[in-house]
1. Those residues that are open to solvent by 10 Å² or more (accessible area, probe 1.4 Å), more than 14 Å from ligand 1 (Cβ to nearest atom) and not aliphatic (A, V, I, L, M), I need them from segment 151-168; list them, please.
2. Going through segment 466-494 one residue at a time, which ones are out of contact with any Asp or Glu (no Cβ under 7 Å at 6 or more places or on another chain), in a helix (DSSP H, G or I) and open to solvent by 30 Å² or more (accessible area, probe 1.4 Å)?
3. Is segment 255-269 home to any residue that is open to solvent by less than 40 Å² (accessible area, probe 1.4 Å) and of a type in the set (D, E, K, R)?
4. Condition check: over 27 Å from Leu400 (Cβ atoms) and not charged (D, E, K, R). Does Leu308 satisfy that?
5. With farther than 19 Å from Leu639 by Cα and of a type in the set (Asp, Glu) as the only criterion, which of Glu589, Glu593, Glu573 stands out?
6. Sort out which residues of segment 43-69 are touching a helix residue (DSSP H, G or I) at 6+ places or on another chain (Cβ under 8 Å) and not in a helix (DSSP H, G or I), and write them in order of number.
7. Within segment 202-300, considering only helices (runs of 4 or more DSSP H) that don't extend past its boundaries, which have at least 1 residues that are among the basic types (Lys, Arg) and touching a residue at least 24 places away in the same chain (Cβ under 8 Å)?
8. Before we move on, is Thr133 away from ligand 3 (no atom under 16 Å from the Cβ), open to solvent by less than 20 Å² (accessible area, probe 1.4 Å), under 30 Å from Arg351 (Cα atoms) and in contact with a helix residue (DSSP H, G or I) (Cβ under 6 Å, 6 or more places away or on another chain)?
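The values are calculated or read from the model by the stated rules, or taken from the named source; none is laboratory data. Just so it is clear, the structure is predicted and the values come from calculations on it, not from any experiment. So basically every Cβ, Gly included, is an ideal-geometry build from the backbone, and we count neighbours across all protein chains shown. These area figures cover heavy atoms from the full protein model, side chains too; ligands, DNA and RNA do not enter into them. Shrake-Rupley method; radii C 1.70, N 1.55, O 1.52, S 1.80 Å.
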Amino acid sequence: MNETLVQRMQVEVEGTVQGVGFRPFIYRLASELGLTGWIKNTRNGVAIEVEGSVSVVETFLQRMRSDAPASAAVEVISTSAIPTLDDESFSIGQCTESGQRALVIPPDLATCADCRRELNDPHDRRFRYPFLTCTQCGPRYSLLTAIPYERSNTTMAGFDLCPVCRTEYEAEADRRFHAEPIACPTCGPRLCLWDEQGHEVAGREEALQQVTALLDQGRIVAVKGLGGFQLWVDAKSEEAVRRLRDRKRRPEKPFALLFPSVDAVRDYCLLSSDEEALLCSPQAPIVLARKRQDTVLAEAVAPGNSCLGVMLPSTPLHDLLMASLQRPMVATSGNRSEEPIVTDEREALVRLQGIADALLVHDRLIARPVDDSVVLVVGGKPVSNGMGEAGKLKAGMMILRRARGYAPQATRWSDGPSNGKAQGPILAVGGQLKNTVALLSGNRVVLSQHLGDLSTVESDRAFRQAIEDLQLMLQVTPEAVACDFHPDYRSTVFARMLSEALLVPLVPVQHHHAHVASCMAEHRLDGEVLGIAWDGAGYGGDGQIWGGEFLVASYRQFTRFAHLRPFRLPGGEAAMREPNRSAAAVLWELMGEEMPVHRLPSWKVTENQRAQLESLLRSSFSSPWTTSMGRLFDTVASLTGLCPQASFEGQAAMTVQFAAERETDEGIMSMEGYPMDVVPSDSPHTKRMVDWRPMISALLDDLRRGINPDKIAARFHAGLAVATVGLAQEAGLPRVVLTGGCFQNRLLLSLVRQRLERAGFTVYSHVLVPPNDGGLSLGQAVVAVCRLKDVQ
Ligand SMILES: [Zn+2]
Ligand SMILES: [Zn+2]
Ligand SMILES: [Zn+2]
């Protein structure tokens, strides 16, 4: 090849390439290689033209992929040769395109290594400045007020740049070139400490020192973090942590912990290399890691839990505080129960009144609540789902709460190979608990951050804001609204009103179909799959509460291939908090009047309760039927005495999982599980029913023989895994999708996966979209777009 042959190449890059330092990176790369041309942002990503010798342009294209900034996600590169122009240098241009916005909004990212170095360098002008950022790190989504992502469209718009910052901002070769939230002690936001009445008691350095002192004394401090307030307290002080629990009215649900370093985490947790990589990633989520036996943390941090939710400092402010504290801190969302995180300091004075002893605040506004994300590492194979670094990073990661660092990263989506073209904007409003909303436009779906449980006024407000936000930032109005089948979910009621107001179709999607579709969309599956959707509760449309479902599903439709044998839920909703109710119902189904409470010493139910439950079951009054797998887990939690009462959603199921994990980490694959039968269904619309009665009978025998609850929990898990294989074989589809809140249980997930794979099935589970109801909106959006296309 002729080395001197010059060519010009037009390059288009799609993905997360804005707000992540991609243009300066390309500028430096091209300059280093002596190439000429330009780069600019476009509505789909960036457009580049480069000119130089053929081999050097080739090198450029290779290094564009291999050396891209850690937080960039290069999804698609298309190239074409064009006539040479012989320009003099490489330059960075501004976006000139108008029209429909691409669904690319950069997420918030943890402080990068370069900024951390400056933070700790006494000779740097940003030494110990809590708001330093660059193009590689810092807030984006949490301070964005409009797009495109430019300083004037952020909450930093009110801070005028000082001359030094302006020079950095405008210099193409500077690592802060167009770092939109750029700031320094001269021109940027300022920190201060408030007492509980909102009186300023200290500023800047003095504020940091006083906060450290307060935390040392076991006080509770509300810290204004990146996407909202966190409540901090010393994790080693039993008394202080208990005080926080009392004040927050949160008796048992685990608190997240902030550690000064990875080494410090290792003193308390057994960390795998995958878990460590996630902790240190730019997304810096809370990682659920196994607790060491010899820890000296307050038991009240995560009572009875075998895991700890741990994270590392993700902002300069967190870095500064943790560097002086040098020990684990509880850093939990600044809210009450399931409300969204508080973002405004004046609001914090009201909503966190009586909880926080002091507030560490600043004058950089938070545009929207963005909570800390929660992830879990599970066994699995590497996946490449085009969702960037996080997707590449983690073989077996699973996001349980998707917020800071991940939201609102888009999922590239197209309805199979036949259709990658633009589709009308569709808004999907999600479910009721762990709500998220999604907006599908073109071949992308943007999933909002975790918004919480819609039954509180504050969450409802956050929900409405998220919907307005997505439309505003993406400048689209929905042409259809998708929602859950449940007529009374707040989100459904809202969707109905919105669709009427906009005169656009409303598309209700069955809860478990949405779960299956969300997992299919995440892996871009086309055609039909067997979807195993196991969770707490979803409206079935037939008067029953579904939750142990085997669906033969495509995006457009589904048939209910099989489900768990139904049992009653005495008292309906109340059964979610009281596993004893599910246990009573299951025993009632099994033996009716002889519900043998007296022969099961482990079943911790009072005489009074039993009589009450019996009368509910006898009269069938307010006792709806359910096929919920979550309630079957509750049954086991109750019968074994592991968890008769639950103080938060999913607690009972977790105790059963932890018990099983205690029993066996290795031997469970060969363990004999309790038997389940696959029998013909009694409903005309369903082929099969999975009968849990033999399983419960065997479990009762074990209880009577005094077998320990850990072994019983393990056999229960193993039995469920075996039953799925028989069912999948009957369904006869080669691809199986595992979804729903029950699959947050990593033991259950890996057992079911292994069994199915061993039997020759290809198994898909969630990675970047939560398996719980946080993933519903994505599923609703893709189901709706496919249904509407059929209509057209
Ligand atoms: Zn940085
Ligand atoms: Zn400045
Ligand atoms: Zn669900």
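1. Just the residues of segment 151-168 that are open to solvent by 10 Å² or more (accessible area, probe 1.4 Å), to begin with: 151-153, 155, 157-164, 166-168.
Next, only the ones that are more than 14 Å from ligand 1 (Cβ to nearest atom) stay: 151-153, 155, 157-164, 166-167.
Selection gives Arg151, Ser152, Asn153, Thr155, Gly158, Phe159, Asp160, Cys162, Pro163, Arg166, Thr167.
2. Within segment 466-494, Glu468, Gln471, Leu472, Val493 meet the criteria.
3. No, every residue in segment 255-269 fails to be open to solvent by less than 40 Å² (accessible area, probe 1.4 Å) and of a type in the set (D, E, K, R).
4. no
5. Of Glu589, Glu593, Glu573, the one residue that is farther than 19 Å from Leu639 by Cα and of a type in the set (Asp, Glu) is Glu573.
6. Val46, Ile48, Val50, Glu51, Gly52, Asp67, Ala68, Pro69 - these are the residues of segment 43-69 that are touching a helix residue (DSSP H, G or I) at 6+ places or on another chain (Cβ under 8 Å) and not in a helix (DSSP H, G or I).
7. Working: elements: 204-216, 238-248, 262-266, 273-279.
In segment 202-300, the matching helices (runs of 4 or more DSSP H) lie at 238-248.
8. On the way: away from ligand 3 (no atom under 16 Å from the Cβ): yes; open to solvent by less than 20 Å² (accessible area, probe 1.4 Å): yes; under 30 Å from Arg351 (Cα atoms): yes; in contact with a helix residue (DSSP H, G or I) (Cβ under 6 Å, 6 or more places away or on another chain): no.
No: the conditions fail for Thr133.
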